[in-house]
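The values are calculated or read from the model by the stated rules, or taken from the named source; none is laboratory data. Given the structure is predicted, the values throughout are model-derived calculations rather than measurements. A quick note on method: Cβ atoms are made from the backbone with ideal geometry, for glycine too, and the neighbour counts reach across all protein chains shown.
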Amino acid sequence: MKAEGIRPVALNDSNPTRHGLAPSSLPTVYAAEPRGQRYAREAIADYINATVEPYVPDADDDSAAHASRKQTHADDLIYKGTGATILQSAAGNDDAVDDETAADSVYADVATDSAVRVSAAGNGDGVDDGDAADNDDGDGAACNDGATRNDGAARNDGATGKQEEGGASRKDGQARADEVYLLSSTSQAYSWLMKLLCDAGDAVLAPKPGYPLIESIARLECVEARFYQLRFDGSWFIDVPQIERMLAEDADRRIRAVIVINPNNPTGSYIKPAEREALVALCRRYGIAIIADEVFFDYPLEPFDGNRRLSGEPRMLTFALDGFSKTLAAPHAKVGWIRVSGPDDDVREACRRLDVIADDFLPMSEFVAREIPAMLHEAPRQLDAVGSRIRANLATLHRMLDGDDLGVVDVLRAEGGWNVLLRFPGVIDENDLVLAMIDASRTSGQPGYFFDMTSNGYLAISLLPEEELFARNVATVLDAVRQRLGIA
């Protein structure tokens, strides 16, 4: 019917906005686009294309030909599952599922599979008033055979990404709205991606030192967070050999993704070009995805040359996270996004499955989405304002530390972000230092162990406060160190 341009009447259409019942404050028809409102995703894709340098491989690079590959082994899966039947089903779906695919035709394929829509079955009449199952106006939940992570598209196990005959490959490195998902936060993005890539008991690799949020979210998703180390030797670097060992020793193949923070919080370290190449090679060899959190990328402080985003990485299935909390310095806006990139076949399959998750959780509020295009116009001004503040405060920090006659506190090189790590004598307990500041100045802080620093003697400090307050904060730390050392 759809091919003939016929839209059937949906007897179960319980979307009130389609029946003239929308409130005057929000009179538009709710399209239930799982990936988020298309106009907002188009605006974000345009912003990405204007600000992110695309990775375009050389023409003679075998990895440049990223297209479909035949799915052959049930135990070589990016999305773990059971059996050749499911594999055959996934492998047989050669049609690209994108925003033009209506959810009603897709859901018709799975109407007989009661297990597919357990969440919908628990929703009273089984159809939310914004359910995409009967939506011809939006993107539609592309969920052929109800597949999410547990029914097996081929794992990219040592695949070269070579293009088969008839395969299509996009080499311009440009972001497309079809590969962008809107969410309320990068925290939600982590949750969705763990649902997508992992079964209960699977694992993701994440960096330490690092913000403890990832481990908490993983625990909620019944996923194990395993940690690789960032090491400091005048500057921070990733212990790539450790990651390689962890993957090689993962006999049960439970590791499903490597998480990288670019730049990391609180170390401020960007992914170096050589590290990027090593990580991509390892992920291709072991058939796992990359999750790249790049919310702080646009705030360079003391960077090395050659830093670039992983957003748009074409050689390996990559999920790049970003959002307004940092880009606009607006955590209260509650706007984040995922950009999916990689070999065409992998992107198509990942989006097909991620649509199911997105549809179950429903798209973001129209009130928020309709402000996104206008808010993006504020990004250059906000990036300049925040960037000027943090760089000025970093210069103030250097001056104050250089001028401190005791000279026992220094700052680790911060390549980017808006937090830095102060290092003080390890004979001072971190908790004692923070408690001393609370007692003397009613000022608190985050000790290094909060981020799993490997030794005592670190304190994270924000570069965001106004200049006078920032200088006072630094003086408070220096005074507390003196006090704990017993120096008047």
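For the range 19-77, how many residues meet the condition of being outside any loop (DSSP other than H, G, I, E, B) and modelled with pLDDT under 85?
Within the range 19-77, residues that are outside any loop (DSSP other than H, G, I, E, B) and modelled with pLDDT under 85 number 4.
Name every residue in the range 167-216 that is aromatic (Phe, Trp, Tyr) and surrounded by fewer than 22 Cβ atoms within 10 Å (Cβ to Cβ), in order of residue number.
Result: Trp192, Tyr211.
What is the residue count in the range 442-473 for residues that are part of a loop (DSSP other than H, G, I, E, B) and under 15 Å from Leu412 (Cα atoms)?
6
Quick check on this structure: which one of Gly268, Gly210, Gly201 is modelled with pLDDT under 95, over 25 Å from Gly342 (Cα atoms) and not assigned by TED's automatic domain parsing to the domain that holds Phe450?
Answer to the selection: Gly210.
For the range 428-439, does any single residue satisfy the condition of being touching a helix residue (DSSP H, G or I) at 6+ places or on another chain (Cβ under 9 Å), in a loop (DSSP other than H, G, I, E, B), modelled with pLDDT of 95 or more and not assigned by TED's automatic domain parsing to the domain that holds Tyr39?
Yes, because at least one residue in the range 428-439 is touching a helix residue (DSSP H, G or I) at 6+ places or on another chain (Cβ under 9 Å), in a loop (DSSP other than H, G, I, E, B), modelled with pLDDT of 95 or more and not assigned by TED's automatic domain parsing to the domain that holds Tyr39.
Can you tell me which residues in the range 245-265 are β-branched (Val, Ile, Thr) and touching a Leu at 6+ places or on another chain (Cβ under 8 Å)?
Ile255, Val258, Ile259, Val260
Going by what's in this entry, would Glu313 be described as assigned to a loop (DSSP other than H, G, I, E, B) and under 17 Å from the mean Cα position of the chain (by Cα)?
Yes: the conditions hold for Glu313.
From the list Gly445, Gly417, Gly387, Gly403, which one is closer than 23 Å to Leu485 by Cβ, at pLDDT 95 or above and among the small types (Gly, Ala, Ser)?
So the residue among Gly445, Gly417, Gly387, Gly403 that is closer than 23 Å to Leu485 by Cβ, at pLDDT 95 or above and among the small types (Gly, Ala, Ser) is Gly403.
Checking the condition among the β-branched types (Val, Ile, Thr), buried (at least 19 other Cβ atoms within 10 Å of the Cβ), out of contact with any Asp or Glu (no Cβ under 8 Å at 6 or more places or on another chain) and not assigned by TED's automatic domain parsing to the domain that holds Gly387, which residue from Val223, Val258 passes?
That would be Val258, the only listed residue that is among the β-branched types (Val, Ile, Thr), buried (at least 19 other Cβ atoms within 10 Å of the Cβ), out of contact with any Asp or Glu (no Cβ under 8 Å at 6 or more places or on another chain) and not assigned by TED's automatic domain parsing to the domain that holds Gly387.
Considering only the range 325-376, give the helices (runs of 4 or more DSSP H) lying wholly within it that have at least 1 residues that are of a type outside the set (Asp, Glu), in contact (Cβ under 8 Å) with a residue 60 or more places away in the chain and within 20 Å of Glu294 (Cβ to Cβ).
Once the helices (runs of 4 or more DSSP H) in the range 325-376 are filtered for at least 1 residues that are of a type outside the set (Asp, Glu), in contact (Cβ under 8 Å) with a residue 60 or more places away in the chain and within 20 Å of Glu294 (Cβ to Cβ), what remains is 344-361, 372-376.
State all residues of the range 362-408 that are assigned by TED's automatic domain parsing to the domain that holds Ala31 and at positive phi; if no residue qualifies, say none.
Leu362, the sole residue that qualifies.
Every residue in the range 401-427 that is assigned to a loop (DSSP other than H, G, I, E, B) and either touching a Phe, Trp or Tyr at 6+ places or on another chain (Cβ under 6 Å) or basic (Lys, Arg) (or both), please.
Val409, Arg413, Glu415, Gly417, Trp418
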